[in-house]
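The values are calculated or read from the model by the stated rules, or taken from the named source; none is laboratory data. All values reported here derive from a predicted model rather than from experimental measurement. Quick reminder, even Gly has a Cβ in these numbers, built from the backbone with ideal geometry, and neighbours come from all protein chains shown. Just so you know, the surface numbers come from the protein's heavy atoms only, side chains and all, with ligands and any DNA or RNA stripped out. Shrake-Rupley method; radii C 1.70, N 1.55, O 1.52, S 1.80 Å.
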Amino acid sequence: MSKKILILPGDGIGPEIVAEAVRVLNCLRTDFGLDIDLDEALVGGAAYDAAGHPLPDATLELAKEADAILLGAVGGPKWEPLDISVRPEKGLLGLRSGLGLFANLRPAILYPQLADASTLKPEVVSGLNLMIVRELTGGIYFGRPRGVRELENGEKEGYNTLIYRESEIDRILRVAFDIAQKRGRRVCSVDKANVLECTELWREVAIRVGEDYPGTELSHMYVDNAAMQLVKAPKQFDVMVTTNMFGDILSDAAAMLTGSIGMLPSASLDENGKGMYEPIHGSAPDIAGQGVANPLATILSLAMMLRYSLDEPALADRIEKAVDRVLDQGLRTPDIHAEGAREVGTAEMGEAVVAALRECD
Ligand code: NAD
């Protein structure tokens, strides 16, 4: 039966980069037998303009019916003056919570061809390929009680609650172990078990889950050391798994190791492997409409979709090989341009990936 994919272009460069990913999907459909149905809907500022809300009911309904969702990006200066309840970003948050997307997968991959783009020495980062698995729907960002209260002496006090149930820890650890089994078979669980009871429990559950995966090595690291190690020797990691807040911070640091925001995909998964796939960057209003945005992060998000939601690992590999090939050919959008390379626009890069897809074995 064909799989349903919902396309949400969003705002800014979203429609431009998503068009290139759709070009790739259409090639997989016509040349490689991928059985899919595509649907498209509005989200973010574009949805607010058309329907008065960044996540119209119709979009959420289509997202619930889909097997996987591809999102461009949302937001832009035009919508910044809006009330926070209808800002474009609310559309994203609504999709995440409405679909129960609790596992955020953020790979940090540095193609050797782009090693000079990192601020770190090429030998430290060249060939980097790590996966951060971040818990996305629990922890301190959602824990209650929360707020700001006034004390008897008139001073204000702010407070949040770090809270995780065993079942929440268990399911995110299993996602990490399942992924590690398809990669380097090493999971590093990041916590602060020396200070926070909640993450003492996290570590306890991690050890328990690890016993179900005898062929995969489990290690533990305090989050402060993990931050240092990411900068010092990032290639030591295969899969890192951590809480919502620690993952928020570490995944951004890891992304910046690569130096090229236009290259990094991400996935957010529910309990059944359904997922929303999107580049990690935003809507880049500064370059929107110019045809110069890098579509590779969005195209690589498709590869993740094929691997994690559509059970098509060979096609996922093919996309990644095609991207590798266009980089080998010296094609670069302006954000990753280097001396001696040939500068291309968004559409030319998409076309080159499609040509490479057909050539790859
Ligand atoms: P941004 O990621 O949009 O842009 C940061 C810089 O990176 C800009 O100079 C931009 O031109 C460049 N850039 C980003 N993606 C690129 C690409 N594919 N190719 C070439 N260059 C690229 O971050 P920002 O400027 O802080 O935010 C802009 C808007 O995007 C804001 O409204 C913000 O809220 C929103 N945003 C959305 C998401 C999302 O949809 N998931 C994520 C982050 C920011």
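How many residues does segment 1-24 hold that are away from the ligand (no atom under 16 Å from the Cβ) and surrounded by fewer than 21 Cβ atoms within 10 Å (Cβ to Cβ)?
4
Pairs only if they're at least six apart or on different chains, beta carbon under 9 angstrom, first in segment 14-36 and not assigned by TED's automatic domain parsing to the domain that holds L302, second open to solvent by 10 Å² or more (accessible area, probe 1.4 Å) and within 16 Å of the ligand (Cβ to nearest atom); list them, first residue then second.
Every condition considered, no pair remains.
Among residues belonging to segment 43-81 that are in contact (Cβ under 8 Å) with a residue 24 or more places away in the chain, surrounded by fewer than 23 Cβ atoms within 10 Å (Cβ to Cβ) and closer than 20 Å to A288 by Cα, point out the one that is nearest to the ligand (Cβ to nearest atom).
This residue is G76.
Among strands (runs of 3 or more DSSP E) lying entirely in segment 180-243, which contain 3 or more residues that are crowded, with 20+ Cβ neighbours inside 10 Å?
By residue number, 186-191, 239-242.
Name, by its number, the condition in (1) within 30 Å of Q229 (Cβ to Cβ); (2) open to solvent by 10 Å² or more (accessible area, probe 1.4 Å) that does not hold for E89.
Only one criterion is unmet by E89, namely (1).
For segment 98-109, check the following and say yes or no: at least one residue is in the same structural domain as R332 (by TED's automatic domain parsing) and open to solvent by 50 Å² or more (accessible area, probe 1.4 Å).
Within segment 98-109 (the criterion being in the same structural domain as R332 (by TED's automatic domain parsing) and open to solvent by 50 Å² or more (accessible area, probe 1.4 Å)), the answer is no, since none of the residues qualifies.
How many of the residues making up segment 258-275 are open to solvent by 10 Å² or more (accessible area, probe 1.4 Å) and in contact (Cβ under 8 Å) with a residue 12 or more places away in the chain?
Here the count works out to 7.
Report, by residue number, each residue of segment 283-331 that is within 14 Å of the ligand (Cβ to nearest atom) and either part of a helix (DSSP H, G or I) or under 28 Å from A180 (Cα atoms) (or both).
P295, L296, A297, T298, I299, L300, S301, V323
Examine segment 145-159 for a residue that is open to solvent by 20 Å² or more (accessible area, probe 1.4 Å) and within 30 Å of G210 (Cα to Cα), and state whether such a residue exists.
no
Condition first: in contact with a Phe, Trp or Tyr (Cβ under 9 Å, 6 or more places away or on another chain) and either assigned to a helix (DSSP H, G or I) or farther than 15 Å from V133 by Cα (or both). Can you find one or more residues in segment 274-281 that meet it?
No: zero hits.
Here's a check for you: in segment 129-141, which residue that is surrounded by fewer than 22 Cβ atoms within 10 Å (Cβ to Cβ) and in contact with a Lys or Arg (Cβ under 9 Å, 6 or more places away or on another chain) is farthest from E61 (Cα to Cα)?
So the residue we want is N129.
Quick check: anything in segment 258-269 assigned to a helix (DSSP H, G or I), in contact with a helix residue (DSSP H, G or I) (Cβ under 8 Å, 6 or more places away or on another chain) and at pLDDT 95 or above?
No, segment 258-269 has no match at all.
In segment 82-100, which residues are within 15 Å of the ligand (Cβ to nearest atom) and either in a strand (DSSP E or B) or in contact with a Leu (Cβ under 6 Å, 6 or more places away or on another chain) (or both)?
Matches in segment 82-100: G91, G94.
Considering only segment 244-253, state which residues are buried (at least 23 other Cβ atoms within 10 Å of the Cβ) and modelled with pLDDT under 95.
S251 - this is the single residue of segment 244-253 that is buried (at least 23 other Cβ atoms within 10 Å of the Cβ) and modelled with pLDDT under 95.
Please state which one of A47, A41, A51 is among the hydrophobic types (A, V, I, L, M, F, W, C) and either under 25 Å from M349 (Cβ atoms) or touching a strand residue (DSSP E or B) at 6+ places or on another chain (Cβ under 8 Å) (or both).
A41
Taking the options E278, E312, name whichever one is modelled with pLDDT of 95 or more and crowded, with 23+ Cβ neighbours inside 10 Å.
On inspection, the qualifying residue turns out to be E278.
Inside segment 208-245, can you point out the residues that are without any contact (Cβ under 8 Å) to a residue 60 or more places away in the chain and under 11 Å from S189 (Cα atoms)?
Passing the criteria: G210, E217, L218, S219, H220, M221, Y222, V223, A226.
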